[in-house]
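What follows is a set of notes on a single structure, which appears directly below.
What follows draws every value from the coordinates through simple rules; no lab data is involved. The structure presented is a predicted model; accordingly, all values stated were derived computationally and were not measured. As a convention, Cβ positions derive from the backbone with ideal geometry for all residues, glycine included, and neighbour counts pool all protein chains shown.
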Amino acid sequence: MSVYELFGRLGIRDLGARRISTGASVPVLALLVAGAVFLAVGSLMSSTFAELTVSGVAQGSVFASLALALVLIYRATEVVNFAQGEMAMGTTYIAYQFTVWGLSYWAAFFATLAIAFVAGVAVQQLVIRPVQRKSVLAVVIVTIGLLSLIDGVVLWIWGGDPKFMPAPFGNSVYHVGGVTMSLTDLGTIAVSIATVVVLWLFFQFTKLGLAMRASALRPAAARLVGVRVNWMLALGWGFAAALGAVSGLLTEPNQFVLSPTMMQPILIYAFAAAVLGGLESPVGAVISGIALGVFLNLLGQYGGYLKDSALRLPVAFAVLLLVLLVKPSGLFGRAAVRKV
Amino acid sequence: MRAILGRLAICAAAAVVLALLPFTLSGLNQVLAARVALYFIAILGLNIVTGYTGQISIGHGAFMAIGGYTTAIMSADHHTNLIATLPLSFAIAFGCGVVVGLPASRLSGVYLALATLALAVSIPQLTLKFSHFTGARNGISVDGTVGYLWLYGVSWACAAILFVVAWLVLRGRTGRAFRAVRDSEVAAASSGVSLVLYKTLAFGISAAFAGVAGSLFVLATNGYAQPDEFSIFLSLYILIGAAVAGLGSLWGVMGGAAFVALLPNISQSAPLIRSIPVGGQDIAAGLVVVLVMLLLPTGLAGLLQRMALAASALRRRSGIPTAERG
Amino acid sequence: MAPLLELHDVVASYGPVKALHGISLEVEEGAIVAVLGANGAGKTTTLRAISNTVRRSGEIRFDGRSLGRTCAESIAGLGIAHVPEGRGLFPELTILENLRLGAYTRRGPLKSDLERVYAYFPLLGRRRNEQAGSLSGGEQQMLALARAFMQRPRLLLLDEPSLGLAPIIVSEIFRIVKELNREGMTVLVVEQNAHIALQVASSAYVLEVGTVALHGPSAELERDESVRRSYLGY
């Protein structure tokens, strides 16, 4: 595989393909490299900085998996699933219930992923598909209804009090050259990276993954080659729900407790990351999610006036608004053709 | 002409009913009726931007918070007359709406929905940051208390005034421009409708309505403005109310408002839902919205319209002459 | 023997607008049949009626089997490849991915078919990991044909393969169509460029505002003076 092909496959299309440019441009790549260098230099100079960077990456990889879930659905149906966070929260409660019944953490983890997948497919088939042709507004309102519904059901079954789950990675801590890293953070990073890689392999190299991409890009053309587009969209919802479950399950060890509101801020950060990445670009969503996690974590320490934790969400909102105004196509998105 | 007279008659009848209603209600039910009025105002406002102009906003709770805190701060710190704070809320929320709407006019569809959602989540956080003015999590209380009847009267008076304002705005040239933007931005722009102007205007007006609704909301919540009262769910409920009402119609708004305001009571008394100790309200709201979108995509207004059409078709078939529609 | 494809009194409409007012046509197995006519005569709609991508009624039989209620996805699986207007490629996907999608309804390995495609179109082989949208118009049309070949259909529906291409490339495209036909593919091709279509096709139908105005062997249609003047424009 040549370097060009590699870039092409990663979605960095300016370097990969000759005529169509859909990915990150050279300035954006330069910005990313500069950011990475900044983090590396900072980490070498201060161990606190290094620790914040690592935990920021861990935080960010949670945002990234939820952002990726949003992007999967957006690419397939041009709609944002506002219930994505609550779906993730609900499935995390299911995992909690499994551990209460005596399953080990990881057995509960994988069982939950399967349940989330089925639930995602069911949601798409039962409530999204019937309104999909009507309007974006109709789908948005249905997902908001789902948000409220899931919230209510979780409150009903499990109540509003925080719940505690076993820690998946234990409480041990590593010291590498004066830098302290918790195993929870490292485990969070590892699991989310593994999830993203597995998904990427699936979409890139399997027939089903290819058919799903084709359905998202050109449904009419996909139908003509025999792809069952409606089922592919439903599978997309299934994968998104499973990814959301991963982000929910990874949020829990970071917050130490389970509560019905736990995914609401994460959803906003994930929205910000998805928009920053261009809303259509999976690579963009992952990189932006991680970058946002690190940025907010560092801001909490070195932000001066902005380091108040009450300002984390408003800062994320400001980032989102800024991106939408300056570069609505995001860092990795296709430039939208504005017709007016 | 006859249609306008008919509508005037309906309005007059509604006004008489609303004027007499408080004398048959207990104090708490008067507050409940006042809550219907404030949701009526908020949904009316959202309808202007979402139903008529086609811009999805999930952030109207933020403008309600702005209006609510305006009333609370002016009253608590400056002892301003409560009624005098209402036009002030209108003006400040209008200003904020324009400030948000100007950049937001570049966005549409899902992007605008995301930006407004983020706004709705951020505003309550900002009240924590500026705790000197807002009293942080404890909130801030208005100076003095208001009576139930006073609340009822003021709320419905505001609702009536703003309903007329909305009607005047939407019936003429501006309303046509809004609908043109909703139906096709490209066509609107090429016919000389300024997208920036009308999208921003719609956003400002609707934010102003939300601001007044927010002031009344604070007065109806024992005069307390608290960040938790203005959570994201407030924005969602307004949107849910608008969807239930049927977007793009003024007449369904009352039904949507009643649904949102009475939701806690409905969920406490409805069979099945009643037996759910916590979360029943969220379940009821979610179920209703999903079912309405699946079964009645045009909301209550669409249902009424279809029933009217069916009735007139029935009358025509049985040979009874009907009034001209127009 | 019954023809491979039979349309009997097919009506199709876009919303309230009728585009086909009762079309009947037959395509024998192994033939190349052309559908000619002016803009808006219903040529494209005829193909869309066959692949069920437009609302239609009437009888459509493929290999003796009625396609009345079969959805577009299943029709592809039955062995009908439809290369629509605009070629129906996935410009964002690579050339190889487009070819793999062509074979979506098939099972088994693709390697030998891919090798044949690359041998025939060395360009597609060289650039297989580039986006299909980076190809020129003529190259995209070749990719569309190559993808149809990967599907190994019994019937190929081709919508205006000459559209927007230079004459030299058009004759190249039709040479490939003939080649595919020799491999055993039956072809139903819609064309504005009647001259070249009649040279390749064994018989042709001429449509006029949603009905069949004329049909017959290509040679006959080409000789007929009045047909030439009113429908074929030369």
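Things to note:
- For chain A, the relative contact order comes to 31 percent (Cα pairs under 8 Å, sequence separation of at least 6).
- Per-residue ³J(HN,Hα) for segment A:152-165, Karplus 6.51 cos²θ - 1.76 cosθ + 1.60, θ = phi - 60°, Hz, x for Gly and Pro: x, 5, 5, 4, 5, 6, 10, x, x, 6, x, 10, 10, 10
- Segment C:86-225, relative contact order [Cα under 8 Å, separation at least 6], %: 20 percent
- Degrees, to the nearest 10: C:111-120 long Cα axis against longest axis of chain C: 70 degrees
- Global geometry of the protein assembly as shown, whether rounded, prolate or oblate, following the gyration tensor of its Cα atoms and the 1.5 cut on a/c: oblate
- Protection proxy ranking, highest mean first, for peptides B:231-243, B:79-91: B:231-243, B:79-91, where packing is the per-residue count of other beta-carbon atoms within 10 Å, averaged.
- Projecting label points 7 angstrom from Cα along Cα→Cβ for C:GLU172 and C:HIS8 puts them 4.4 nm apart.
- For the peptides A:257-267, A:148-158, the ranking by mean Cβ contacts within 10 Å, running from highest to lowest, is A:148-158, A:257-267.
- Filter on C:LYS18/C:LYS178; A:LYS134/B:LYS199; C:LYS43/C:LYS111; C:LYS18/C:LYS43 - keep pairs with C-alpha separation over 25 Å: C:LYS18/C:LYS178; C:LYS43/C:LYS111
- Taking every alpha-carbon pair under 8 Å whose residues sit at least 6 apart, segment C:1-154 reaches a relative contact order of 21 percent.
- Integer Hz, Karplus 6.51/-1.76/1.60 couplings in order for segment A:171-188, x for Gly and Pro: 10, 6, 9, 10, 10, 10, x, x, 9, 9, 10, 8, 5, 4, 4, 4, x, 4
- Shielding score for A:124-131, defined as the mean number of other chain Cβ atoms within 10 Å: 2
- Amide H contacts for C:THR211 (H built 1.01 Å from N in the peptide plane; partners 5 or more residues away or on another chain; cut-off under 5 Å): C:HIS21.
- Mean partner shielding of peptide C:63-76, defined as the number of other chain Cβ atoms within 10 Å of each residue Cβ, is 2.
- Farthest towards the positive end of the charge dipole of segment B:24-232, among the residues B:VAL121, B:PHE63, B:GLY97, is the Cα of B:GLY97, using unit charges on the Cβ of Lys, Arg, Asp and Glu.
- Peptides B:222-230, B:209-217 ranked from most to least packed, by the mean per-residue count of other Cβ atoms within 10 Å: B:209-217, B:222-230.
- Among residues other than A:MET262 with Cβ under 15 Å from its Cβ, the summed charge is -2 (Lys and Arg +1, Asp and Glu -1).
- Charge tally in the Cβ shell below 15 Å around B:TRP150, where Lys, Arg are +1 and Asp, Glu are -1, B:TRP150 excluded: 0
- For segment A:46-326: rounded, prolate or oblate by the Cα gyration tensor [a/c cutoff 1.5]: prolate
- Judged by the gyration tensor of its Cα atoms, with axes a ≥ b ≥ c, segment B:16-85 is oblate; a/c meets the 1.5 cut and b/c is at least as large as a/b.
- Amide H contacts under 5 Å for C:GLY216: C:ALA204, restricted to partners 5 or more places along the chain or on a different chain, H placed in the peptide plane at 1.01 Å from N.
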